[in-house]
Amino acid sequence: MRYAVTGATGFVGGALVRLLRANGHEVVALVRSRERAAALSAVGVTLLEGDLDDSAALEALGAGADGLFHVAGWYKLGDARPEDGWRVNVDGTANVLAAGRSGVPKVVYTSTLAVNSDTRGRVVDEGYRFTGSHLSVYDETKARAHDLAADAARDGTRADLRAR
């Protein structure tokens, strides 16, 4: 099988692509820097240079893929540029989902427990929906991206998903 992956140079994405390759799958990864991704190339991952706001690169990433894993994300606390969180986590997810709809049969979105922000010790499950004020831009942007992915999974619309 051929899999496309965003976020392959990160901790989770790196583990994912190594697992896919170890199981004999073809993997193509969207990377911002070929140099930073050299270790992935060494294990047989095909590198496609681009970013989450590059529609041509995202289309090329998904071309011929049996599945697309969107693992890329922005994580910073106390960052002076919170707009980067919105650009990567929300708009980037919308862009990946839109590219994924152009023929990739399956898209897997990697979320985070931060979508629940502070539950004040309450144990929650996947049915829980946080409705308060988020503790950080990371929590807020990942919650919004999670909503986009959940909406896309539920209704399969091809509408422009970017909305804040």
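The values are calculated or read from the model by the stated rules, or taken from the named source; none is laboratory data. What you see is a predicted model, and the numbers here were worked out from it, not measured in a lab. All Cβ positions, glycine included, derive from the backbone under ideal geometry; neighbour counts span all protein chains shown.
Just a few scattered comments:
- Some residue of the stretch 52-65 being over 14 Å from the mean Cα position of the chain (by Cα), in a helix (DSSP H, G or I), touching a residue at least 24 places away in the same chain (Cβ under 8 Å) and within 20 Å of N89 (Cβ to Cβ): yes
- Restricted to the stretch 34-51, and to residues there that are in a loop (DSSP other than H, G, I, E, B) and modelled with pLDDT of 95 or more, the residue that is nearest to S111 (Cα to Cα) is D51.
- The stretch 66-112: number of residues that are over 20 Å from G14 (Cβ atoms) and either assigned to a helix (DSSP H, G or I) or in contact (Cβ under 8 Å) with a residue 60 or more places away in the chain (or both): 16
- Single residue of the stretch 22-43 satisfying the filter (surrounded by 13 or more Cβ atoms within 10 Å (Cβ to Cβ) and not hydrophobic (A, V, I, L, M, F, W, C)) that is nearest to the chain's Cα centre (by Cα): R32
- Residues of the stretch 8-19 satisfying the condition of being closer than 22 Å to L52 by Cα, aliphatic (A, V, I, L, M) and surrounded by fewer than 23 Cβ atoms within 10 Å (Cβ to Cβ): V12, A15, L16
- Take the conditions (1) assigned to a helix (DSSP H, G or I); (2) of a type in the set (S, T, Y); (3) over 29 Å from Y128 (Cβ atoms); T9 misses just one of them, which is (1).
- Matching residues in the stretch 90-124 - criterion: being surrounded by fewer than 19 Cβ atoms within 10 Å (Cβ to Cβ) and β-branched (V, I, T): V108, T112, T119, V123, V124
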